[in-house]
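Notes for the one structure printed next.
Here, each number is a calculation from the coordinates, and none is a lab measurement. Predicted model, so just to flag it, every value in this text is computed and none were measured. Here the Cβ positions follow ideal geometry from the backbone for every residue, glycine too, while neighbour counts run over all protein chains shown.
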Amino acid sequence: MDVVDRGPAAFESVYAREYAGLVRLAYVTTGSLDTAEDIVQEVFAAWYRSGSQLLQPAAYLRRAVVSRCTSWVRRRIVERRHAAAEPFAHVQQHAHDDVAAVRAALLVLRPRQRAAVFLRFYLGLPEAEIATTLGCRAGTVKSLLHRSLATLKEKLGE
Amino acid sequence: MSENLQDRVRAAVRIIAEAPPIGPAPALERSTPPRYVTRRWARWAPAGAALAVLAAVFVAVGVRVDGPPPPAAPGGSVVLPREVAGLSLLTANLTDAPLRQPGILVARQGSWGSTWGSSQVVVIGADGRTYRRVDVAEERGADGADGEWHHAQALLSPDGRQVAVGDERGGATEVPVLDLTTGGRRDYPLGAPMAYRLRAWSADGRKLAMIVADVPDRVADVFQPEEHEQRLAVLDLDTGAVTVVSEVTLHDDWDGNVHFAPDGTLAVTTFTDPYSSWPKPWLTVVAFDRGPAGRIVRTMALPEQWHFGGWTPDGDALLVTGDDPRLGLRAVRVADGADVRPRVDVTGHRFAVLGWRSPTVLLARLDPEGEGPGAIMAVDLATGRQEVAATLAGGLFTRVTGIDAAGQLIGQAGSEAVGPQRGPWPGWARVASALLVTGLGWLLVARIRRRQGRARGAGSAG
């Protein structure tokens, strides 16, 4: 991770540009919009306090968000605090069959599998970049996606 | 996967990801100003200065010599030091200088990663003053996916005579168990290369409960449990066999508690509907009366918001609730879930039971509120009274970050203010000290000769 000198304005620019996409990543990984917004703000606040200036902030921030989402899912006490709604409540009643099926699949996938699905099918990232985001090897990404796609196929009736 | 199917997944994921209303980025709460680097080299200046100060301190400390070596077996009482000392690079390791007595505590210290020994796993002898690095555990540490250094576990047996070492990197082929009284080591073979996390010793010190995962390759990061099936297993130290407790199913992402009861049964936290919004936690009790694979003999639903913290000496389940620093403790009878005594409330962070002084007084890691050092507290479940039994050293680079105990020893320990004895200096420290003294001596001689030369020159000119 290379560091270059940038002014404070660069942080604001990155924050404004990357916020929504990172919330979507966290939302798909955790299923909770409240949690997603909290996590993304924590990540940006931690980055701000560290003062690091990054060549590729998006990749660094995605990795931090996925790591915190994974930890959040493990901490059931925190989950109970945000347990006011079912996961992916914003698509609960969607009329489109495929959406309902993919939602059902996401409910049984693990957090890192959900993140891998988002990175692959929403952001269209190659396996190498997904591996960087998840902090694992490319082979592990293949395995994550393979298992996720098997579940998706089953739910989609293929 | 067909192109059509990929398109369907892509479209559905897009709809799901874009379903929630996400507004513009809100104003960010920033509690501390950033530390912006203005020059590349300036980043290294503080580290360089710190290293220079450390080097000076090591030389200064080096002139002090430890007292006489500890006795081979402690003839006196077991001691819990009033303060668990922080990290020192001059602490000898077990391989070079065996402890020769049971250990009462294992402390994880330091926060700079393993380079230069700046992150250590240290065992403290039953005399409360002898410190040794568990080098076998330090060798098996690794960086986690969060970028932080994760020590390998070093789990003390209840009598403090043995310490088992974990390996979460994958590719482990044995479980090392060190005998702290003899300096010996025995490696218990695993059936196949794997990663494992140690969870609990049985009260008689003959069984080790572990979580195992089939990770045949050594990986740089601590293994991600959700990528591999986790299973509960028990190592029998008498037979050397590692047996999976097949009746217990752990879901991916499992992160519960495992504790042996005084009667030899094993309790583990399990969940139904683990991926729902409200996973249901259970206390599942396994007995080994019919063989090493164990069998489930009892389950108890855990009340909402409570988690399993261990067993009382009377064989009741200790439950913990709340968020730091407001915690509640209660002891319940597993047979019917009834409270054995009223709940007590305690204040502090990072609660973890270390041992018991009596059926109602437990010793636990419980850090006081505020920014001060961590602590081991005695908590009376009958009255709720809590008092500090020992403090844990603070300091940015030397602080104690984690603590485990020999459960039976710590319960009988008396508290004394004893300073650490760290054993013979490591080899690098002795060489460095010798070079430093030699260098200073050369400089002094050279300076004296220059002055003498100047004096002779002035005299001949006059």
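A few remarks follow.
- Gain on full extension, evaluated as 0.36 nm per residue between residue B:3 and residue B:412 minus their Cα-Cα distance, stands at 140.4 nm.
- For the stretch B:239-247, 3J(HN,Hα) per residue [Karplus equation, 6.51 cos²θ - 1.76 cosθ + 1.60, θ = phi - 60°, Hz, x = Gly/Pro]: 9, x, 7, 10, 10, 6, 7, 5, 6
- Loop-located trypsin sites (Lys or Arg not before Pro) across the stretch B:282-323 with a Cβ neighbour count of 13 or fewer within 10 Å are B:290, with loop assigned by DSSP.
- Cα gyration tensor shape for the stretch B:303-403, rounded if a/c is under 1.5, else prolate or oblate: prolate
- In this structure, residue B:305 and residue B:345 have a Cβ-Cβ separation that, at R0 = 22 Å, corresponds to a calculated FRET efficiency of about 0.95.
- Each of B:201, B:282, A:47 was scored by other Cβ atoms within 10 Å of its Cβ. Arranged with the fewest first, they read B:282, A:47, B:201.
- Cβ crowding within 10 Å ranks B:358, A:143 as B:358, A:143, fewest other Cβ atoms first.
- Look at the stretch A:41-49: the mean tally of other chain Cβ atoms within 10 Å of its residues' Cβ atoms is 3.
- A simple count of charges around residue B:295, restricted to other residues whose Cβ falls under 14 Å of its Cβ and scoring Lys, Arg +1 and Asp, Glu -1, yields 0.
- In a DSSP loop and with at most 15 other Cβ atoms within 10 Å, the chymotrypsin sites (Phe, Trp or Tyr not before Pro) in the stretch B:353-444 are B:397.
- Neighbour counts of other Cβ atoms within 10 Å put B:104, B:296, A:130 in the fewest-to-most order B:296, A:130, B:104.
- Placing R0 at 41 angstrom, the Cβ-Cβ distance between residue B:440 and residue A:46 gives a FRET efficiency of 0.40 after rounding to 0.05.
- Counting only other chain Cβ atoms within 10 Å of each residue's Cβ, the peptide A:97-107 averages 4.
- Cα centroid of the stretch B:129-198 to Cα centroid of the stretch B:374-441, whole Å: 20 Å
- Shielding value for B:4-10 is 6, the average number of Cβ atoms from other chains within 10 Å of each residue's Cβ.
- For the stretch B:359-373 and the stretch B:264-334, distance of Cα centres in Å: 22 Å
- In the stretch B:354-405, GluC sites (Glu not before Pro) in a DSSP loop with at most 13 other beta-carbon atoms within 10 Å: B:369, B:371
- All other residues whose Cβ lies under 12 angstrom from that of residue B:77 are scored, Lys and Arg at +1 and Asp and Glu at -1, for a net of -2.
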